[in-house]
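Scroll down for the structure; my scribbles are underneath it.
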Amino acid sequence: MITSLITDLAFILILGAIVTILFKWIKQPVVLGYIVAGFLASPHFEYLPSVNTEENIEFWAQIGIVVLLFSLGLEFSFKKLMNVGGSAVVTALIIVIGMMSGGFAIGHLLGFSHINSLFLGGMLSMSSTTIIIKAFTDMNLRAKKFASMVFAVLIVEDLFAVLMMVILSSIAVNNSVEGGEMLYSVGKLAFFLIIWFLVGVFMLPSLFNATRRFLNSETLLVVAMGLCLGMAVFSVYCGFSLALGAFVMGSILAGTSYAERIEHVVAPVKDLFGAVFFISVGMMVQPQVIFDYWSPILILSATVIIGMIIFGTFGMLVTGQTLKVAMQSGFSLTQIGEFAFIIASLGMSLGVLDNTIYPIVVAVSVITTFTTPYFIKMAEPAYNAVERILPKRLNFLINRYSTQASSESENNSLWSSLIRRYLWRVLLYSIILIAIVVVSQQFVQPWLYEHMHQWHKLIGSAITLTAMAPFLLALSVPVSKKIERNRLREAHARIDVPLIVMSIFRIIIASAFVVYVLATIYGVAIGISVGIAVFVLLLIAFSKRVGKRLNNLESKFLDNLNERELRRSGKNNNLVSDLHLAYMQVGHGCEFVGQRLMDSNLRKRYGVNIASIQRGTSTIPVPKGDTRIFPGDILGVIGNDEQLQQLLPVVEAEEQDSAQSVKASEFRLTNVQLSEESPLLGKTSASANIRNQYSALVVAIQRGDEYLKPNGEVAFEPLDIIWLVGDPKIINQLK
């Protein structure tokens, strides 16, 4: 068994390496090479040996999905999801409804039954997260604005997929939708997502900070993968997918200051198992099925591509995105992937799905995976074409709508901020209280009944209410601050009524929890009569004592949630007066990359001081002036708020797209001989500023048979031969 496992893995990786090198040579996306390699390694290609056991590859592919989703979570924190959440939810809803309706209609046209058409619509409505991640990575698009919007839509689609599977299962078994079961599934999903989020944000940043000195790259990789797989397993135990648990853990870790390091150490694991996943997709290609059902496959592939472009673009436009971002997003979603296979497997296990649909969907998935990189590249030319033919008035209306929507989202009124905080507090504390009640009913009270039968009701209710007390208080206290209420009164004459209604509603919810706990133990009559009295006593007894501790808990939660941002800005790391210590990671586009500290003039230009430089696992405390700055360095910067905010975008700047288009073949060692009229005569390699003006590096100065070192002090003379590394086309300008 072990030998077979290693043999299969070795075979597909060697074959994958050969094919992907070939695809890189012909300048094709690597993901397509993996799919071709998978087909060549499958039993359907008879001219090469095939894998011994396909279940082995499926095992490695599942790990690939988990690591890919974990890596996505590391780059897409809960904070980012909340920032684009409204747009993502609306867009995903439009796509799912539109594609399900289109798939259902196409299924009937192709002669499929009612239930088969319904399952087909579900399969066609889910884009592939893993394929899009890989395509964006290969094409260097992950930092683009539309990429973050697409990732948000994909995450929401994954959440919708869980709900869709419940609905389809209910229809298949009962021939109707069980509303109670659907609501239970949605509530269960929301409950566990929030509990994971709260526990993770409270515990993990503190754990990392406490063990900071032990976390080298090796240990950090083990810890990160352990957390990833542990959460994935726990997710399955709770009734959800491995991928969802992995993504949640990545999103939690994305808010910590270790996110970049974890992403770096996990990258090789992600690349390895991600390759195996895409190879496994290629192994499912069956030429005979494609030949027999070529017409439905082409029709469904066209439906996916056209439908995703239309509904994805429309959804983004509705939520206020520009036409360019909307079209780039729509063109990126033109494929189906792993959830289509999961929904198809569900239909087959329930015995309601025709056996021919699964291989057809696999073929559609492979075709749309092949075309995805090309449609992503086509997005901008398509936008340019649409912009040219679009009536000017319609284009003006779209741009004005986008600008107004953006302005409204960026300049939320005080009321919006207050209501949002109110709803989040009610939701979060209600989830925590529900969790306490569930733990009490499932574990505490049965244990007390077994060991303290006579007193189990009294002790159980006392323990439960004591644990709930601080959160009941937090749910009851006002969410508005005095300064906010004063500002609202200045803007609106009548604000007391809605604030009072909001307060009464919170108190009713908090009282309901107390009544419910006592009613389940002592009965409804006693629960209602005693519950309200107990709640009032809790408010009186705990209000002053718990209030301060509650504020500390909320502050710690917010600090942990924003730890990564606070570390970059230094706002939570006050030194003296208004000076803070912030930690900024040097980007590849930083203007002083490669310079010495003394040459960067950071103190003179920005008024800051560099206290330390962390490079990998080593730290340079109080670096000297001749220490050079390199991409990936983490600078410990001391300054005030204004100075740090001014410096932050400069330090973390990334390269522009134009810099990434330079080919390695255009960058080589060459030489230039100086004439009598050369403008470089009398200048040194430093004063001539060759590095910045010509994007070239002076390697040596040949004077006769002697080679001089360009140390910034040697002046150029006539007939000197300068050896440089750079683009010969640009260097030739020196002649």
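For segment 215-229, enumerate the residues that are touching a helix residue (DSSP H, G or I) at 6+ places or on another chain (Cβ under 8 Å) and within 16 Å of V67 (Cβ to Cβ).
Passing the criteria: L220, L221, A224, M225, L227, C228, L229.
Residue under question is Q28, and the condition is that it be under 27 Å from R261 (Cβ atoms) and of a type in the set (S, T, N, Q); does it hold?
So Q28 fails the test.
Is it true that Y358 is free of Cβ contacts under 8 Å to residues at least 60 places away in the same chain and closer than 27 Å to S169 by Cα?
Yes: the conditions hold for Y358.
Residues that are among the polar types (S, T, N, Q), under 48 Å from the mean Cα position of the chain (by Cα), farther than 30 Å from K145 by Cβ and at pLDDT 80 or above: does segment 654-673 have at least one?
yes
So which residues in segment 23-51 are of a type outside the set (F, W, Y), closer than 18 Å to Y374 by Cβ and assigned to a helix (DSSP H, G or I), if there are any at all?
Selection gives K24, V30, V31, L32, G33, I35, V36.
How about segment 120-163: which of its residues are closer than 22 Å to M378 by Cα, modelled with pLDDT of 75 or more and either part of a loop (DSSP other than H, G, I, E, B) or touching a Phe, Trp or Tyr at 6+ places or on another chain (Cβ under 6 Å) (or both)?
S125, M126, S127, S128, M139, N140, L141, K144, A147, F151 - these are the residues of segment 120-163 that are closer than 22 Å to M378 by Cα, modelled with pLDDT of 75 or more and either part of a loop (DSSP other than H, G, I, E, B) or touching a Phe, Trp or Tyr at 6+ places or on another chain (Cβ under 6 Å) (or both).
Please determine, by comparing only the residues of segment 362-399 that are at pLDDT 85 or above and β-branched (V, I, T), which one is surrounded by the fewest Cβ atoms within 10 Å (Cβ to Cβ).
Step by step, filter segment 362-399, then rank; the result is T371.
If you scan segment 685-735, which residues turn out to be of a type in the set (K, R) and modelled with pLDDT under 80?
Result: R691, K709, K729, K735.
Only one of (1) more than 17 Å from I106 (Cα to Cα); (2) over 21 Å from the mean Cα position of the chain (by Cα); (3) modelled with pLDDT of 85 or more is not met by G307, so which one is it?
(1)
Which of (1) over 30 Å from A302 (Cβ atoms); (2) surrounded by 12 or more Cβ atoms within 10 Å (Cβ to Cβ); (3) modelled with pLDDT under 80; (4) among the small types (G, A, S) does A467 not meet, given it meets every other one?
(3)
Go through segment 24-42 residue by residue and tally those that are more than 19 Å from S365 (Cβ to Cβ) and at pLDDT below 85.
The total comes to 3.
Give, as residue ranges, the strands (runs of 3 or more DSSP E) completely inside segment 687-735 that count at least 2 residues that are out of contact with any Pro (no Cβ under 9 Å at 6 or more places or on another chain) and of a type in the set (A, V, I, L, M, F, W, C).
721-726
Return the residue satisfying two criteria in turn: it lies in segment 201-260 and is of a type in the set (S, T, Y) and in a helix (DSSP H, G or I), and of such residues it is nearest to L72 (Cα to Cα).
S251
Tell me which residues, restricted to segment 582-608, are surrounded by 15 or more Cβ atoms within 10 Å (Cβ to Cβ), not in a loop (DSSP other than H, G, I, E, B) and not aromatic (F, W, Y).
Passing the criteria: A582, M584, Q585, L597, S600, L602.
Please work out if I620 is part of a strand (DSSP E or B) and either on the phi > 0 side of the Ramachandran plot or touching a Lys or Arg at 6+ places or on another chain (Cβ under 9 Å) (or both).
The answer is no for I620.
Quick test for you: out of L647, L681, pick the one residue that is aliphatic (A, V, I, L, M), surrounded by fewer than 16 Cβ atoms within 10 Å (Cβ to Cβ) and modelled with pLDDT of 80 or more.
The unique qualifying residue is L681.
The values are calculated or read from the model by the stated rules, or taken from the named source; none is laboratory data. What you are looking at is a predicted structure, and each value in this text was computed from that prediction instead of being measured. FYI the Cβ positions are ideal-geometry reconstructions off the backbone, even for glycines, and counts take in every protein chain you see.
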